[in-house]
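Undergrad: One structure, as structure tokens, below. Some questions next.
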Amino acid sequence: MTEILVLADHAGESVKKVTFELVTLARRFGEPAVAWAGAGAQAAQARLAEFGAAKVYAAEGPEFDDYVVAPKAELLAELARRAAPAAVLVPGTPEGREVAGRLAVKTGWGLLTDVTGLRDEFVADQPIFGGAINVTSRVRTGTPIIAVRPNAITPEPAPGQAVIEPVAVTVSDAAKLARVTGRVVQERSARPELTEASVVVSAGRGVGSAENMALIERLADRLGAAVGASRAVTDAGWYPHQFQVGQTGKTVSPQLYVAIGISGAIQHRAGMQTSKTIMVVNKDPEAPIFELADFGVVGDLFKVVPQLIEEIEKRSG
């Protein structure tokens, strides 16, 4: 069976959800072969096997842990030369897109970004103009390099061997021009990671102030959810920018997305419109966000949300 090369996104031995999404997608077209750059492949083997990875190309060494982006592109180029995959799938994260671009330059192959789905013969679904229009695209030159938007694919477990194959790659001096000089561990709350949460509660301009974000956090905590925010909220300084959902923020696709006080500008919708179920609370019945809603409440969030929290607390005992 033809290999589909998948670039793993991981933090040490901890595999990011988008990697499982890519492996799930790769299984539809061939045999998933994961390219693992840096340490941790052995520890992650069982998890990769759980989602159907057939092989793991493990390239360990300081050139992958201590340098930025370019060594990963050289690793993929070398693996592409050796394995002749039918396609290369990379996470559509900022780093993944840069790796994909560098790989396209090295190989001369065509590149598609911000892909939300793949059809037969690697025809890709892509939202453009902030999600206002959906198009289908296909690479015309060489092997397709495809950057898939995180949360666009539902990861599905399937048994695999995830056989580890050590790979030695000589990284060029040019790829070592940008070096990691230090790392800072980001403080994390008890809430789920925004891009990996199954429930997300997001707030928009309607919350009115930074102090009122406490109400949104209360609802999120009752639901075991991550907290998100529109660009208006983060630009106003009411909530940190790393929680922004939208075209210039993070893309989420949870089982439940609760949009509170969010009007639904195209920029925001592009980051959450693939959510499985969308619930909206907004006092403006004409707000564009209602076009996406599975359930909608027209009302004052400062009355609706406390009632919602109270009802959840009753039902949770």
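Undergrad: Relative contact order for the range 3-176: what percent, with Cα pairs under 8 Å and sequence separation of 6 or more? Please report the intermediate quantities before stating the final value.
TA: Working: 391 pairs, mean separation 52.9, N = 174.
Contact order relative to length: 30 percent.
Undergrad: To the nearest 20 debye, what is the magnitude of the charge dipole of the range 161-317 about its Cα centre, counting +1 on the Cβ of each Lys and Arg and -1 on the Cβ of each Asp and Glu?
TA: Values: 16 positive and 17 negative charges, 52 e Å.
For this selection, approximately 240 debye.
Undergrad: Output the direction-averaged projected area (hull surface divided by four) of the convex hull of the alpha-carbon atoms of the chain, in nm².
TA: Quarter of the Cα hull surface area: 17.3 nm².
Undergrad: Still on this model: Rounded to the nearest 0.05, what FRET efficiency do ILE133 and ARG218 have when you use their Cβ-Cβ distance and R0 = 35 Å?
TA: Here the calculated transfer efficiency is 0.40.
Undergrad: Then there is this: Tell me, in nm to one decimal, what length is gained between VAL184 and GLU121 on full extension, where the rule is 0.36 nm per residue of separation less the Cα-Cα distance?
TA: Result for the pair: 18.5 nm of gain on full extension.
Undergrad: Restricting to bridges with both residues inside the range 1-63, how much of the DSSP beta-bridge set is antiparallel, in percent to the nearest 5?
TA: Of the beta bridges lying entirely in the range 1-63, close to 15 percent run antiparallel.
Undergrad: Given the Cα-Cα distance of GLU196 and THR277 and 0.36 nm per residue of separation, how much length would full extension add, in nm?
TA: Answer, rounded to one decimal: 27.6 nm.
Undergrad: So how far apart, in nm, are the two label points at THR154 and VAL298 if each is 7 Å from Cα heading toward Cβ?
TA: Result: 3.2 nm between the two label points.
Undergrad: Explain nothing, just the number: dipole magnitude of the range 125-254 about its Cα centre with +1 on each Lys and Arg Cβ and -1 on each Asp and Glu Cβ, in debye rounded to the nearest 20.
TA: It comes to approximately 260 debye.
Undergrad: Diagonalise the Cα gyration tensor of the range 194-315 and give the resulting equivalent ellipsoid semi-axes, square root of 5 times each eigenvalue, largest first, whole Å.
TA: Values: eigenvalues 67, 47, 46 Å².
Its equivalent ellipsoid spans semi-axes of 18, 15, 15 Å.
Undergrad: Exactly which trypsin sites (Lys or Arg not before Pro) in the range 232-308 are in a DSSP loop and have at most 12 other Cβ atoms within 10 Å? If you can, show how the numbers build up before the last one.
TA: Numbers: sites: LYS250, ARG269, LYS276, LYS283, LYS303; in loops: LYS276, LYS283.
Here the sparse-neighbourhood loop sites are LYS276.
Undergrad: Once you keep just the Cα pairs under 8 angstrom separated by 6 or more residues, what percentage relative contact order results for the range 194-315?
TA: That works out to 25 percent.
Undergrad: Can you sort SER263, SER209 so the residue with the fewest Cβ neighbours within 10 Å comes first?
TA: So the residues, fewest neighbours to most, are SER209, SER263.
Undergrad: Same structure again: Just want to confirm a number: the relative contact order over the range 112-213, from Cα pairs under 8 angstrom separated by 6+ residues, in percent.
TA: Numbers: 72 pairs, mean separation 19.7, N = 102.
Relative contact order for the range 112-213 comes out at 19 percent.
Undergrad: Pull out the extension gain between GLN42 and HIS241, defined as 0.36 nm times the separation in residues minus the alpha carbon to alpha carbon distance; nm, one decimal.
TA: On the way: separation 199, 0.36 × 199 = 71.64 nm, distance 3.45 nm.
Full extension from GLN42 to HIS241 adds 68.2 nm.
Undergrad: Follow-up. Hey, which of these cross-link pairs are over 23 Å Cα-Cα: LYS250/LYS276; LYS106/LYS176; LYS17/LYS72; LYS276/LYS314; LYS16/LYS106; LYS16/LYS276?
TA: Table pairs above 23 Å Cα-Cα are LYS276/LYS314; LYS16/LYS106.
Undergrad: Here's a follow-up. Compute the distance in nm between two label points, each set 7 Å from the Cα along the Cα-to-Cβ direction, one at ASP284 and one at ARG28.
TA: Taking the two extended label points, one gets 3.6 nm.
Undergrad: Place a label point 7 angstrom from the Cα of ARG81 along the Cα-to-Cβ direction, then list the residues of the range 156-183 whose backbone nitrogen is under 16 Å away.
TA: Zone members listed by number: 167-175.
Undergrad: With angles folded into 0 to 90 degrees, how steeply does helix 70-83 sit against the dominant principal axis of the chain? Use alpha carbons for both and round to 10.
TA: 60 degrees
Undergrad: When the Debye formula is applied to the Cα atoms of the range 1-150, each taken as the same point scatterer, what base-10 log of I(q)/I(0) results at q = 0.09, 0.12 Å⁻¹?
TA: -0.24, -0.44
Undergrad: Let's see if you can work this out: charge +1 on each Lys and Arg Cβ, -1 on each Asp and Glu Cβ, no other charges. What is the dipole magnitude of the chain about its Cα centre, in debye to the nearest 20? Present the calculation step by step, with values, prior to reporting the outcome.
TA: Values: 32 positive and 36 negative charges, 63 e Å.
Roughly 300 debye, rounded to the nearest 20.
Bear in mind that the values in this text are calculations on the coordinates, not laboratory data. Because the structure is a prediction, the values reported are computed rather than measured. FYI the Cβ positions are ideal-geometry reconstructions off the backbone, even for glycines, and counts take in every protein chain you see.
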